[in-house]
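One structure below.
The values are calculated or read from the model by the stated rules, or taken from the named source; none is laboratory data. Treat the numbers as computed from the prediction; the structure is a model and nothing was measured. Don't worry about glycine lacking a Cβ; one is built from the backbone with ideal geometry, like all the others, and counts go over all protein chains shown.
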Amino acid sequence: MKIATITRSLLAIALLAGTTSCSEQYTTYSDAEYVMFADTLSTNMVLADDEAFKVKVASTVTRDYDRTFGVEIIDRGSNAIEGVHYRLKSNTITIPAGKLATDVEVYGRYENFEDTDSLGFSLQLVMPDKLKWPLGENSNRTKVVMYKSCPFDINNFTGYCVLSSMLLYNYPGFYNQSYQKLVKTRLHPTEPNTIILESCFYTGYDVTMKFHPEEPAKPTLTMDKDQVFSDEESVFGQILGDNRILGTHSTYYDNYFNSCQRFAVLWTHVYVEDIGTSIGTVGHFYNILEWVSDEEAERLKREEGW
């Protein structure tokens, strides 16, 4: 679950890529060799087909020879057990000659994960101290987090879900509604892997959302463009365009779903137009949808008034 992440390796390469000045008082670091994990946190789906996931390791320079390093598991702070929840393909990695990167390959034990498990462990590169990135104390370490990837079934995303929306938090509308609400969802009659969310953000305005399960390790979501979320007057108290608040998925952030835990994360791009001419962007808003049982939905209606 990563949003707009700039990896540490790219930062390192950018810092080291500068050329030296003509003045001899400056020192060039363009040939400095550092090796590190590409990110401090690696989040991965464990698939049923026993396919390994990869944790990237990067170097700031290439060499004309192979470079081999050890990889060790740090038990402290881990809740995943080696041999039970995962295994490494090898305890060594090699950056081939002429290359900048390689991978630590990890096999998750799918059958030993519960649907709601979030298990993690830490990896550390074993290498000379001179190869450690000097601006990061633990640049030779990374935290690996694993989730189970369940088979996709669109029917698991019908019924009722709890919507928690930053759009509603910022713009509760004329009725000053809560940023959380119960939303009924149903299958789209003609579009595959698509659901209709009834009165999703504002009463009387249904929207659609499409699931893309083609890559089980990277399940994504989209929304059609120009969906009407509400009229302007009910939300803003004034009309700036053609009295329609429009929305689609945001392309600036990750939109994804979890089949095991039956939730979806959707960033919406909300905007206003006047008969096709852009008036302006309202914003990009984080929303999470968590599907609940019919019994839980009835309890929320009864006790919370949703």
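Report, by residue number, each residue of the range 127-182 that is under 30 Å from residue 34 (Cα atoms) and among the β-branched types (Val, Ile, Thr). Reasoning before the result, please.
Initially, the range 127-182 is screened for residues under 30 Å from residue 34 (Cα atoms), giving 127-146.
Matches in the range 127-182: 142, 144, 145.
Yes/no matrix, rows are residues, columns are (1) within 18 Å of residue 78 (Cα to Cα); (2) in a strand (DSSP E or B):
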site: 103; (1), (2): no, yes
site: 107; (1), (2): yes, yes
site: 111; (1), (2): no, no
site: 121; (1), (2): yes, yes
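Give the number of residues within the range 69-101 that are in a strand (DSSP E or B) and at pLDDT below 95. Explain how you work it out, then say what you get.
As a first pass, look at the range 69-101 and keep what is in a strand (DSSP E or B): 69-74, 82, 86-88, 92-95, 101.
Narrowing the set further to residues that are at pLDDT below 95 leaves 74.
The number of residues fulfilling the criteria is 1.
Of everything in the range 181-210, what is surrounded by 18 or more Cβ atoms within 10 Å (Cβ to Cβ), outside any strand (DSSP E or B) and under 23 Å from the mean Cα position of the chain (by Cα)? Give them in sequence order.
200, 201
Would you mention how many residues in the range 211-229 are crowded, with 18+ Cβ neighbours inside 10 Å and out of contact with any helix residue (DSSP H, G or I) (no Cβ under 9 Å at 6 or more places or on another chain)?
Adding up the residues that qualify gives 4.
Taking residue 218, is it in a loop (DSSP other than H, G, I, E, B) and at pLDDT below 95?
Values: in a loop (DSSP other than H, G, I, E, B): yes; at pLDDT below 95: yes.
When the stated conditions are applied, residue 218 passes them.
Could you grab me the full set of residues in the range 281-306 that are exposed (fewer than 12 other Cβ atoms within 10 Å of the Cβ) and either touching a strand residue (DSSP E or B) at 6+ places or on another chain (Cβ under 7 Å) or assigned to a strand (DSSP E or B) (or both)? So that I can check it myself, show each step before the final result.
Going residue by residue through the range 281-306, those that are exposed (fewer than 12 other Cβ atoms within 10 Å of the Cβ) are 281, 293-295, 302-303, 305.
Across the range 281-306, the qualifying residues are 281, 294.
What's the total number of residues in the range 239-264 that are at pLDDT below 95 and polar (S, T, N, Q)?
Of the residues in the range 239-264, 3 are at pLDDT below 95 and polar (S, T, N, Q).
Collect the residues in the range 152-180 that are of a type in the set (S, T, N, Q) and either crowded, with 19+ Cβ neighbours inside 10 Å or at pLDDT 95 or above (or both), keeping them in residue-number order.
The first filter runs over the range 152-180 and keeps only residues of a type in the set (S, T, N, Q), leaving 155-156, 158, 164-165, 170, 176-178, 180.
Scanning the range 152-180 gives 155, 156, 158, 164, 165, 170, 180.
Out of 237, 280, 247, which single residue is touching a His at 6+ places or on another chain (Cβ under 7 Å), touching a residue at least 40 places away in the same chain (Cβ under 8 Å) and over 26 Å from residue 147 (Cβ atoms)? Spell out how you get there, then give the answer.
Details: 237 fails: touching a His at 6+ places or on another chain (Cβ under 7 Å); 280 fails: touching a His at 6+ places or on another chain (Cβ under 7 Å).
Within the list 237, 280, 247, the selection yields 247.
Look at residue 270 and say whether it is within 19 Å of residue 287 (Cα to Cα), touching a His at 6+ places or on another chain (Cβ under 9 Å) and not in a loop (DSSP other than H, G, I, E, B). It would help to see each step written out before you state the result.
Numbers: within 19 Å of residue 287 (Cα to Cα): yes; touching a His at 6+ places or on another chain (Cβ under 9 Å): yes; not in a loop (DSSP other than H, G, I, E, B): yes.
Yes; evaluated as a whole, the condition is true for this residue.
Looking at (1) outside any loop (DSSP other than H, G, I, E, B); (2) under 30 Å from residue 299 (Cα atoms), which is the only condition residue 150 fails?
Residue 150 satisfies every listed condition except (1).
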